[in-house]
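The values are calculated or read from the model by the stated rules, or taken from the named source; none is laboratory data. Everything numeric here is computed off the predicted structure, so don't read it as measured data. Glycine gets a Cβ as well: all are built from the backbone with ideal geometry, and neighbour counts include every protein chain shown. Remember, those area values only see protein heavy atoms, side chains included, never the ligands or the DNA or RNA. Shrake-Rupley method; radii C 1.70, N 1.55, O 1.52, S 1.80 Å.
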Protein chains: 2
Amino acid sequence: MRNCYSQSNQNLIAKAESENVDLVWDRYKAMQPQCGYGEQGICCRICIKGPCRIDPFGEGPQEGICGASADTIVARNLIRRIASGAASHSLHGKEIAMTLLEMAEKQAEGKETTYNINDLDKLKTIAEEQGIETENISNTELIRKVAMNALEDYTRIDNKPCNWLENRVTSTRLEKLSELGVAASNIETSVTDIMSRTHVGTDADPINLLLAGLKGSMADYTGMQISTNLSDALFGAPEPVISEANLGVINKDAVNIAVHGHNPLLSEIIVQVADEMNQQAVDAGARDGINIVGVCCTGNEVLLRRGVPLAANYLSQELAILTGALEAMVVDVQCIMPSVSKVSSCYHTNLYTTMPDAKIPGATHLELDSEKAFENAREIITDAINAFSKRDLNKVDIPAEKNKVIAGFSKEAVVELLTEISPDDPLKPLIDNIVEGNIKGIALFAGCNNVKVEQDRNYQEIAKKLLADNILVFATGCAAGAFAKNSLMNSQATEEYAGEKLKAVLRFLGEEAGLNAPLPPVFHLGSCVDNSRAVDLATALANQLDLDLDQLPVVASAPELMSEKAVAIGTWAAGLGLPVHVGVDLPVTGSKLVTETLTESLKDLVGGYFFIEKDFELAAEKLINIIEDKRDKLGLDKVEEVI
Amino acid sequence: MRNCYSQSNQNLIAKAESENVDLVWDRYKAMQPQCGYGEQGICCRICIKGPCRIDPFGEGPQEGICGASADTIVARNLIRRIASGAASHSLHGKEIAMTLLEMAEKQAEGKETTYNINDLDKLKTIAEEQGIETENISNTELIRKVAMNALEDYTRIDNKPCNWLENRVTSTRLEKLSELGVAASNIETSVTDIMSRTHVGTDADPINLLLAGLKGSMADYTGMQISTNLSDALFGAPEPVISEANLGVINKDAVNIAVHGHNPLLSEIIVQVADEMNQQAVDAGARDGINIVGVCCTGNEVLLRRGVPLAANYLSQELAILTGALEAMVVDVQCIMPSVSKVSSCYHTNLYTTMPDAKIPGATHLELDSEKAFENAREIITDAINAFSKRDLNKVDIPAEKNKVIAGFSKEAVVELLTEISPDDPLKPLIDNIVEGNIKGIALFAGCNNVKVEQDRNYQEIAKKLLADNILVFATGCAAGAFAKNSLMNSQATEEYAGEKLKAVLRFLGEEAGLNAPLPPVFHLGSCVDNSRAVDLATALANQLDLDLDQLPVVASAPELMSEKAVAIGTWAAGLGLPVHVGVDLPVTGSKLVTETLTESLKDLVGGYFFIEKDFELAAEKLINIIEDKRDKLGLDKVEEVI
């Protein structure tokens, strides 16, 4: 098996070998065979009577020392993952809400602020959606109220559903979630509840545990909605933007600085300061000045809002350094391999950590979420400019591969585009095209890279089949990275891969958008927190049609699910009614009950469910069948069938 | 090795074997050998690239697939344990705070409430300590304010230290914790932060991770302070009470109902309803009516406040059922082996779960924290009375062993006793006796039972050596259970085990208390959340002497540490300045850095630290040496030494 679908990446991997640099694929290989107990979720390390392991062959222990069954153990392990995912996404959201609150407080005192509202329209829209009065109120006060409204979801003590959950799903869905007791009312309480009930000797009922996990996933969803929307207010709701992706965006004639992680608060400062300092880089001999490139979701954030090119998604983060042409990598939080420290040390690359809760041994720590944010950013960039001359030219090897990307498909951008066509009822063209089968359905690709499969491959293979069948594709996070890097987010891809009906729609929309070319067949919605955008759009469709999400011909797929955040996302997606394809084994196979609950019983409960399919051909087939089945149930293709 | 120190328990274990009932010791044996990676903390199951394992012999992988080192992996695993411990204790406290809040709200509306304040003095003391005005305020409003003051520690968004942390430590300590950035300001945020920063690719710095764990442990401490103090206000601060302990408290002529878990909210209702229904049990043929017995910390709660006898601590919970004479076991949260379901099904015992977040397959679920609390309690007790006639007399085997216990040593009780002797300066007699060496020091025994060692043995062996050396012993939780069951909490034990100087003090105090006998040499402070009582007393001493906790001749010991709560407790105890003995291996040995940080570097940072010693003789010796060293540093025994 090749490690990556991309030949140029493959070449860099060979370079690493010759330079004795260990990469994620090497470490994966060295880790074989992986522990089968862990893989199946039947290893319990919760108390210190253990560790315990259930024998999957039924010969050894069938219970932990406390008497916990495989079902209990698997469910506990699974929901702790959800707790971590929800914690991660929601602290991201909280950080942005706190930034707004501090901004409002400083503004009220007439002080200067590090950040400012870039998108007042979005702020007002949010306020209206959250039931905050927008008339007769100063901007400062509006910012404060929106921030407090978000923070309420982290502090509520009663059982009212989270503000950012209750009006971000259909009313039917909210009712269903409330009936099940899983409409989270406080994000941090939901996380804490999971950690408490999974303590030794507390909740032993796998179904009760899974319900707590489902609630935790709704907390995750809430945190993501807050993250996306407040980021939009702060930095602007994305609009279609043209850029490039893949390692070829690293420029040998520029001071290259990679921003990596998830939180736009920090990368926005780097981008801003880099603009100011560009001439210094030129003066230092870098003909093209400073070239900021993105990695992972921080990359997606600045790609969508600033057009910054995307160098890598998760699995190729080390490769960006391996080009030998990266002067600095600046990381914030989540999905940063600690190995980047060791890999950087093999080159002239300066590695910086910037958040108090994410340090890496060997990296320089300069906090960007502090009073000294700009000063620290200047220091980082000055050092990068100085490092430019230290490149070992013998080690520089930048792959040529880069592809054009049209990104920035926020809900706002899509609605704005549709408004051009149908001012009174913007969603009508979309609905009409779905009804008529020009768009057979929508598939949302989300999630990570996972070293257990060939990088980026299944994303592309599955998506190409769906596109050929006139299914429109949305993508976020590392899924979006996979499509961006591999030329599936441009007009050419539409010509090449979209079915005739879908192609016609995308051509028409592209013309309306003034592109003089089709829209791309895969819409880049943003970073992984921006899966919320897909739900917003689907919810708008559902509301207009008076349907719930599980009735729409919409599916989700995470072919390379890897992180705990992705587990949380998959869970809420299922909880909101979506069939969720996963392309790797989930660590739940040690419990038939948990596996069946996720893949079958959940369907009766909430409409959505998980299904595991590692084969891309079969995965595509199943996703298409599900969409067709949903269309059938809506009576959409009846006429055709009769014919 | 025998499983338990108690011969009568040993006999019941033999009975289980003959009746083919699997017990915790059987499951432990079946689980051998346990996974060495897990035992050393070097197994990572955080993301789905894994599971990863570090080779402790240095031959296989030294990094996870992401590049995380053993240090990072061990630190992440450890602090997730702390997060769970903190979550557990603090949700317990929150539940009680919410109960107070609801009570106040209902009272304000003139409605009847399930609970009422039993100890208005304590409520007022709490209010004063928390800076709440107690004059010119109705009781209802006082209840509400105290509740809100506690709930603020679950909802705060700024960085002010928790209300229940900042005035429950010495001011020097608070300063030290604040400097380190570990003075938790919001309990649930601290838990969420740990879950977020341990997500794949976030915090990789072991020291930064451990500091977050220390902060999480301070959140744990805060939650415990809230739990203890609000429970006292609600149900009464414990006063010395005489009762009995060990399985012999199960009465063959009574309807026996065990209350098990941790939360007094529920057991208090059972105790109350049992009183009302006693005659019905007598009418049903149970000569001695209803006999409520306690298990684990729920047992400790009702022992201290209601004199309810204690049947078992953690490891013997199954044995209580195995007596064949238990009509019902009513469990709430934490440390309830799921196996009690299977064991109950071998007898006539009804098993009830009562909390929404702690269900067990096979148990009947009747919620006691609801509007129907009393109705459900009556149903449970009625069923128990009906079950009395269903006992299989051939299977009944109640060990004779039970021992007298004097329990109830809350800080209030101790101060009240000392006030009799020294009304103007109650702590003076205690301080004088410590200074004079009549009390050489104080050792707090806390924590669990762990099947890896002989049940209860090390508690007793270590304590006997300390007592002989005139060190006074405090105990909580399953440690207290171990001492209570094994006759170390009565006057006879003082005569038998205390050194002459300590004996004289306890004799004098016993006379003053009107016991006509010495106080016990081991003070039962309460359940595991009541470790807060020990700190309160130590902090009062420290404040009066203008010292910090790490200077006092006070040590802590957890010979059978097992649960994640115990890991959290041990961590805050060290963080508050105490040397903490642990009698089993902590799952950190896979990282030299983490091990050294816990056992050495922590000392320089906060004064307290961990030390592992499995041999009870050596453990006792080391604890004594530490106390002597602390006395030396205070210059206490200089004169003696010269002589």
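Could you tell me what percent of the DSSP beta bridges with both partners in chain B are antiparallel, to the nearest 5?
Antiparallel bridges: around 20 percent, rounded to the nearest 5.
Counting only DSSP beta bridges with both residues in the protein assembly as shown, what percent are antiparallel, rounded to the nearest 5?
Percent antiparallel among DSSP bridges in the protein assembly as shown is about 20.
Rg and Dmax in Å for the range B:551-598, alpha carbons only: what are they?
11.0, 32
Can you compute the helix-only [θ] at 222 nm over chain A? Use -39500 (n - 2.57) per DSSP H run of at least 4 residues, normalise by all residues, nearest 500 deg cm²/dmol.
Rounded to the nearest 500, the figure is -15500 deg cm²/dmol.
For A:L547, put the label point 7 Å out on the Cα→Cβ axis and report which residues of the range A:589-627 keep their amide N under 11 Å from it.
Under cut-off, by backbone N: A:627.
Please give, to one decimal in nm, the separation of the simple spin-label points placed at B:D383 and A:K592, each 7 Å out from Cα toward the Cβ.
Taking the simple label geometry, B:D383 and A:K592 are separated by 2.8 nm.
Can you compute the FRET efficiency between A:E416 and A:L120 using 1/(1 + (r/R0)^6), with r the Cβ-Cβ distance and R0 = 22 Å? Round to the nearest 0.05.
Approximately 0.85, to the nearest 0.05.
Ratio of alpha-carbon Rg to the 2.2 N^0.38 Å globular estimate for the range A:489-643, to two decimals, please. Don't skip to the answer; put the middle values down first.
Details: Rg = 17.1 Å, N = 155, 2.2 N^0.38 = 15.0 Å.
Here the Cα radius of gyration is 1.14 times the empirical estimate.
Cα gyration tensor of the range A:188-252, axes a ≥ b ≥ c as square roots of the eigenvalues: rounded (a/c below 1.5), prolate (a/b > b/c) or oblate?
In terms of gyration-tensor shape, prolate.
Can you check what the Kirkwood hydrodynamic radius comes to for chain B, Cα pairs only, in Å to one decimal?
25.0
Let me know the whole percent of all Cα-Cα pairs from the range A:348-422 that are separated by more than 15 Å.
Of all Cα-Cα pairs in the range A:348-422, 73 percent lie more than 15 Å apart.
Report the net charge of residues surrounding B:N163, where surrounding means a beta-carbon distance below 12 angstrom and charges are Lys +1, Arg +1, Asp -1, Glu -1.
0
Got the A:T364 label distances to the other copies yet, label 7 Å along Cα→Cβ, in nm, shortest first?
Ordered by increasing distance: 6.9 nm.
With label points built 7 Å along Cα→Cβ from the Cα atoms of B:F374 and A:N139, find their separation and express it in nm.
Going by the 7 Å Cα→Cβ label model, 6.0 nm.
Within the range A:541-565, what residues put their amide N at less than 15 Å from the label point 7 Å along the Cα-to-Cβ vector of A:Q34?
A:559-565
In whole percent, what relative contact order does the range B:118-186 give with Cα contacts below 8 Å and a gap of six or more residues? Could the numbers behind the result be given before it?
Values: 53 pairs, mean separation 20.1, N = 69.
Once normalised by length, the contact order is 29 percent.
Suppose R0 equals 56 Å; then what is the FRET efficiency for A:A504 and B:M148 from their Cβ-Cβ distance, rounded to the nearest 0.05?
0.35
Less than 13 Å Cβ to Cβ from B:A568, Lys/Arg counted +1 and Asp/Glu -1: what total charge do the surrounding residues give?
That sum, taken over residues with Cβ under 13 Å, equals +2.
Output the direction-averaged projected area (hull surface divided by four) of the convex hull of the alpha-carbon atoms of the range B:558-643, in nm².
6.4
Counting only Cα atoms, I'd like the Rg/Rh figure for the protein assembly as shown, Kirkwood definition for Rh.
The Rg/Rh ratio comes out at 0.99.
If each of A:D637 and B:N625 carries a label point 7 Å out from its Cα toward its Cβ, how far apart are those two points in nm?
For the pair A:D637/B:N625, the computed spacing is 7.9 nm.
In the range A:555-583, what residues drop by 20 Å² or more in accessible surface going from the chain by itself to the full protein assembly, probe 1.4 Å?
Residues losing area: A:M562, A:E564.
Sorted from shortest, what are the nm distances separating the label point of B:T419 from equivalent points in the other copies, each placed 7 Å from Cα along Cα to C-beta?
Distances to the matching label points in the other copies: 7.1 nm.
Pairs of Cα atoms under 8 Å, at least six residues apart: use those to get the relative contact order of chain A, whole percent.
16
Find the relative contact order for the range B:491-643 and round it to a whole percent, using C-alpha pairs within less than 8 Å whose residues are 6+ positions apart.
Relative contact order for the range B:491-643 comes out at 18 percent.
Rg to Rh for the range A:394-517: what is it, with Cα atoms only and Rh by Kirkwood?
With Rh from the inverse mean 1/r over Cα pairs, Rg/Rh is 1.02.
Rolling a 1.4 angstrom probe over the protein chains, ignoring ligands and nucleic acids, what is the accessible area of B:C478 in square angstrom, nearest 10?
Only protein atoms counted, so the area is about 10 Å².
Any idea how far the Cα center of the range A:524-569 sits from the one of the range B:485-511, in Å?
Using only Cα atoms to place each centre, the spacing works out to 67 Å.
Where the label is 7 Å out from Cα toward Cβ, how close does B:K614 come to the same position in every other copy, in nm, shortest first?
The projected label point of B:K614 is separated from its counterparts by 3.9 nm.
Quick check on my link table: of B:K124/B:K215; B:K440/B:K464; A:K15/A:K452; B:K106/B:K359; A:K402/A:K622; A:K215/B:K342, which ones sit more than 25 Å apart, alpha carbon to alpha carbon?
From the list (B:K124/B:K215; B:K440/B:K464; A:K15/A:K452; B:K106/B:K359; A:K402/A:K622; A:K215/B:K342), the Cα-Cα distance tops 25 Å for B:K124/B:K215; B:K106/B:K359; A:K402/A:K622; A:K215/B:K342.
If you project the alpha carbons of the range B:276-372 onto their three principal axes, what span does each projection cover, largest first, in Å?
So the extents along the principal axes, rounded to whole Å, are 34, 31, 26.
What accessible surface, in Å², does a 1.4 Å probe find on A:K122, ignoring ligands, DNA and RNA and rounding to the nearest 10?
For A:K122, the solvent-accessible surface is approximately 10 Å².
Short version: ³J(HN,Hα) in whole Hz for each residue of the range B:92-108, in order, from phi by Karplus 6.51 cos²θ - 1.76 cosθ + 1.60 (θ = phi - 60°), x for Gly and Pro, what are they?
With the stated coefficients, the range B:92-108 comes to 4, x, 5, 4, 6, 4, 5, 4, 5, 4, 4, 4, 4, 5, 5, 4, 4 Hz.
If you take the C-alpha gyration tensor of the range A:1-91, multiply each eigenvalue by 5 and take the square root, what semi-axes do you get, largest first, in whole Å? Intermediate results must be reported in sequence, preceding the final value.
Details: eigenvalues 259, 69, 26 Å².
Its equivalent ellipsoid spans semi-axes of 36, 19, 11 Å.
Taking the range A:472-572, how much of its Cα-Cα pair set, in percent, is spaced more than 24 angstrom apart? Present the calculation step by step, with values, prior to reporting the outcome.
Details: 1498 of 5050 pairs.
That tail contains 30 percent of the Cα-Cα pairs.
Does anything in the range B:425-461 have its amide N under 17 Å from the 7 Å Cα→Cβ label point of B:D585, and if so which residues?
B:450-454
Under 15 Å from the Cβ of A:A281, count the other residues' Cβ atoms, weight Lys and Arg +1, Asp and Glu -1, and hand me the total.
-3
Rg over Rh of the range B:157-267, using C-alpha atoms and the Kirkwood radius, what does it come to?
1.15
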